[in-house]
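Q: My questions will all concern the structure given below.
The values are calculated or read from the model by the stated rules, or taken from the named source; none is laboratory data. These numbers come from a predicted model, not from an experiment. Heads up, the Cβs are rebuilt from the backbone with ideal geometry, glycines too, and the neighbour counts pull from every protein chain shown.
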Amino acid sequence: MPKDSPLPPQPKHDSERSVADRSKTRREPEFEGDYRPASATYLDPINARIEPHDYQYLLELAEALNTTLDLRTLLRRTSELIRGVIPYRIFAVLLLDESEKELRMRFQIGHTPEIERMRIPIGHGIVGQVVHTRQPVLLNDVSKAEHYIAANECVRSELAVPIINKNRVIGVLDIESEEADYFRPEHLHLLTLTASRIGQAIHNARLYSRVTRQAQALAVLNEIAVELTSILDLDQLFERIGQLLRRLIDYQMFTIMLVNSTGDRLVSRYTWRFGQASVPHRWLPINTGLVGAAVAEWRLINVPDVSKDPRYFMINAETRSEMVVPLFYKNRVIGVLDLEHVKPGYFHERHERTLTTLAAQIAISIENARLYQQVLRHEQALERDLAMARQVQLRLLPAECPVHTNADLAARFLPARSIGGDLYDFVEYDANRTAIILGDVSGKAAPAALFAALVSGIMRSAAALKPSPAKMLAMLNDALQERRLDSQYVTMLYAVWNDDNRTLQIANAGAVPPVFCRADEITIVKAEGFPLGMFPNAEYEEFTIATQPGDALVFVSDGITDAENTQGDMYGSDRLTATLCQHRTKPAVQIAEAIFADVARFQGAKDRFDDETILVLRVR
């Protein structure tokens, strides 16, 4: 039928009597305890007969219901179709909330915002009774209805029909008029037909909306999980948690509290209150309030009205609803998330699921940030200790090379890390004799540096006896055997320069053999022996080299010969001897610098992995 045309007259013969006529001849069943105003008309929706002129309306309704899954669009289209057959000024669709305990307006026309925000319990008012009795009501004089809720003083008549899906009431279609006796039985009939058709569509739309919200929530949860794991500063993390959580739950007050180190207090680390964030200095005993209950009971606590809960400890006077979830990490509670709202019963099951899911990731992120800050503090302390150790190590190295009439000495040292395991030294035996020492301790960094300091101390004590190189290495080996450490040993070159006769005595304990250059002739001094500290009662070979003016001799650690470039090639002895011979006529310090520069060019961008030490002796 056209939307604006009046309803056609109803036939009166037996085969096509109107619904109103049939209802007059049918006795309504009695329901004990049901509220049924005497002036109301009732209709059985199951037995309601569809008249021929109803089909066009139902076709239009079916088309409207089948073309959208958006709940608001669905309800708007339904309201427009109903207006075409039942002219109205006040209309509402009320749906049961997730708890199924009260009705809430999901679409309305003609109501004030205050009325739209009302929550109507089942059994209260006309719409509440419709849900309770599962029966439609046509009430043409609301003043005669004992339990009528006068939300609008101008209303005189009301028509309310239950929306049923799968034998379960999910809401109410409600129309009101400012005229008494406005609604007729045919209006009740058409509204009942409408309600019987839109129940499944509303259920589908709500299901689609729920799935969409869940998908969006999962996407946000995934985004939150990824973002939170990348924040390692605790204060920034707390603030970001508050910001991201507001995308999922529209809270008004939020607090993050952590259990202190002694486990007897909950300390507030972040608070957000009505748009203002702060870092409060507040704490509670761990057994206090709802937050304490969540910690003690190891579960989420959702209180619809805190004024009725004896556990509540008031901090914010405006709070009515509060939801607290404990944060677990490795079977212990590390803190709580506390959400509050000024409306009673604000937090529901969906909020609980969201907060519980998110709490696990938040706990991990908080603990990761705490561990990172702890590691950072330890690293900073270690850096300070290493800096001090480097200063001590540099103090153990000779400040300058000794000066002799016939010998020019130079030394260069570059640790692979802030401190290293290489050691070198010059020990004066007398006015004409100086011991030249180059050692390399196994390992790297602090352990190697400490062991190097031990070796240096033993060596300097033994040097007071002015032993020969072979005897010194044997003494050092015996001393280290007495102080044996697993996997710790030292390679060492020990030489004694005699400036009177220009001779050099050399003994080697597993170090890189020294290179001797005279004119264009290269000699590798192949003195051999076991590294110090590996085997007891070791003996060492000793060689004496008679030098001439212009000769050059270089001692290097294996960090020089084993240096690698980006292709994995090693610097090796050949490059070392070539560089030495090329610069042998230069002062000792320039020879040492030339070798260092050549090694650096060879390595290029390759990271240095070992300490590099060079000692040069050039005969004047």
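Q: Yes or no: region 102-111 includes at least one residue that is buried (at least 22 other Cβ atoms within 10 Å of the Cβ), over 19 Å from L193 (Cβ atoms) and outside the structural domain of K343 (by TED's automatic domain parsing).
A: Going residue by residue through region 102-111, those that are buried (at least 22 other Cβ atoms within 10 Å of the Cβ) are 103.
Then drop every residue that is not over 19 Å from L193 (Cβ atoms), which leaves 103.
Subset that is outside the structural domain of K343 (by TED's automatic domain parsing): 103.
Yes, region 102-111 has at least one match.
Q: Something else about it: For region 150-165, state whether one or more residues are assigned by TED's automatic domain parsing to the domain that holds L65, farther than 30 Å from A62 by Cβ and of a type in the set (S, T, N, Q).
A: Yes, some residue in region 150-165 is assigned by TED's automatic domain parsing to the domain that holds L65, farther than 30 Å from A62 by Cβ and of a type in the set (S, T, N, Q).
Q: Ok, one more. Scan V403, V427 and give me the residue that is assigned to a strand (DSSP E or B) and either over 25 Å from R247 (Cβ atoms) or touching a Lys or Arg at 6+ places or on another chain (Cβ under 9 Å) (or both).
A: Going through V403, V427 in turn, the sole match is V427.
Q: Now for a different question. I'd like the full set of residues that are modelled with pLDDT of 90 or more and surrounded by fewer than 17 Cβ atoms within 10 Å (Cβ to Cβ), limited to region 345-355.
A: The one that is modelled with pLDDT of 90 or more and surrounded by fewer than 17 Cβ atoms within 10 Å (Cβ to Cβ): E352.
Q: Name the one entry in E176, E146, E153 that is of a type in the set (D, E) and either within 50 Å of the chain's Cα centre (by Cα) or closer than 22 Å to I82 by Cβ (or both).
A: E176
Q: Can you tell me which residue among E539, E521 is of a type in the set (D, E, K, R) and closer than 15 Å to A470 by Cα?
A: After applying the criteria, what remains is E539.
Q: Here is a further query. Only one residue in L173, L237, L245 is buried (at least 21 other Cβ atoms within 10 Å of the Cβ) and either under 22 Å from Q108 (Cβ atoms) or touching a Cys at 6+ places or on another chain (Cβ under 8 Å) (or both). Which one?
A: Working: L237 fails: either under 22 Å from Q108 (Cβ atoms) or touching a Cys at 6+ places or on another chain (Cβ under 8 Å) (or both); L245 fails: either under 22 Å from Q108 (Cβ atoms) or touching a Cys at 6+ places or on another chain (Cβ under 8 Å) (or both).
Only one candidate qualifies: L173.
Q: Also, I was wondering about something else. What's the number of the condition E521 fails, among (1) in contact (Cβ under 8 Å) with a residue 40 or more places away in the chain; (2) closer than 21 Å to D574 by Cα?
A: Result: E521 passes all but (1).
Q: Can you tell which of L339, L355 is on the phi < 0 side of the Ramachandran plot and assigned to a helix (DSSP H, G or I)?
A: Numbers: L339 fails: assigned to a helix (DSSP H, G or I).
Criteria check complete, one pass: L355.
Q: Now for a separate question. Out of all the residues in region 67-95, which are surrounded by fewer than 17 Cβ atoms within 10 Å (Cβ to Cβ), of a type in the set (V, I, T) and at pLDDT 85 or above?
A: Matches in region 67-95: T73 only.
Q: Limited to region 277-309, what total is found for residues that are assigned to a strand (DSSP E or B) and over 20 Å from R353 (Cα atoms)?
A: Number satisfying all stated conditions: 5.
Q: Quick test for you: out of V291, V342, pick the one residue that is in contact with an Asp or Glu (Cβ under 8 Å, 6 or more places away or on another chain) and crowded, with 21+ Cβ neighbours inside 10 Å.
A: After ruling out the rest, the residue left standing is V291.
Q: Right, next: Within region 318-334, restricting attention to residues that are part of a strand (DSSP E or B) and out of contact with any Lys or Arg (no Cβ under 8 Å at 6 or more places or on another chain), which residue is surrounded by the fewest Cβ atoms within 10 Å (Cβ to Cβ)?
A: Checking each candidate, the answer is F328.
Q: Restricted to region 492-544, and to residues that are touching a helix residue (DSSP H, G or I) at 6+ places or on another chain (Cβ under 8 Å) and among the β-branched types (V, I, T), which residue is surrounded by the fewest Cβ atoms within 10 Å (Cβ to Cβ)?
A: Looking at residues that are touching a helix residue (DSSP H, G or I) at 6+ places or on another chain (Cβ under 8 Å) and among the β-branched types (V, I, T), I get I524.
Q: I need a count of the residues in region 124-170 that are touching a residue at least 12 places away in the same chain (Cβ under 8 Å) and on the phi > 0 side of the Ramachandran plot.
A: 3
Q: Go through A180, A217, A293, A277 for me and flag whichever is over 30 Å from A150 (Cα atoms) and not assigned by TED's automatic domain parsing to the domain that holds E367.
A: Checking each option against the conditions leaves just A217.
Q: Restricting the search to region 228-271, which residues are assigned to a helix (DSSP H, G or I), touching a helix residue (DSSP H, G or I) at 6+ places or on another chain (Cβ under 9 Å) and of a type outside the set (F, W, Y)?
A: L228, T229, L234, Q236, L237, R240, I241, L244, L245 - these are the residues of region 228-271 that are assigned to a helix (DSSP H, G or I), touching a helix residue (DSSP H, G or I) at 6+ places or on another chain (Cβ under 9 Å) and of a type outside the set (F, W, Y).
Q: Those residues that are part of a helix (DSSP H, G or I), surrounded by 20 or more Cβ atoms within 10 Å (Cβ to Cβ) and touching a helix residue (DSSP H, G or I) at 6+ places or on another chain (Cβ under 7 Å), I need them from region 430-454; list them, please.
A: Of all residues in region 430-454, those part of a helix (DSSP H, G or I) come to 445-454.
From what's left, surrounded by 20 or more Cβ atoms within 10 Å (Cβ to Cβ): 448-449, 451-452.
Listed by number, the list holds a single entry, A449.
Q: Separate question: When the residues of region 117-174 are filtered to those that are part of a helix (DSSP H, G or I) and among the small types (G, A, S), which remaining residue is nearest to E102 (Cα to Cα)?
A: If we take residues in region 117-174 being part of a helix (DSSP H, G or I) and among the small types (G, A, S), then G128 is nearest to E102 (Cα to Cα).
Q: If you don't mind, another one. M459: modelled with pLDDT of 95 or more, over 20 Å from V403 (Cβ atoms) and in the same structural domain as T579 (by TED's automatic domain parsing), yes or no?
A: no
Q: Suppose the filter is surrounded by 18 or more Cβ atoms within 10 Å (Cβ to Cβ) and either in the same structural domain as T271 (by TED's automatic domain parsing) or out of contact with any strand residue (DSSP E or B) (no Cβ under 7 Å at 6 or more places or on another chain) (or both); does L382 pass it?
A: No, not satisfied.
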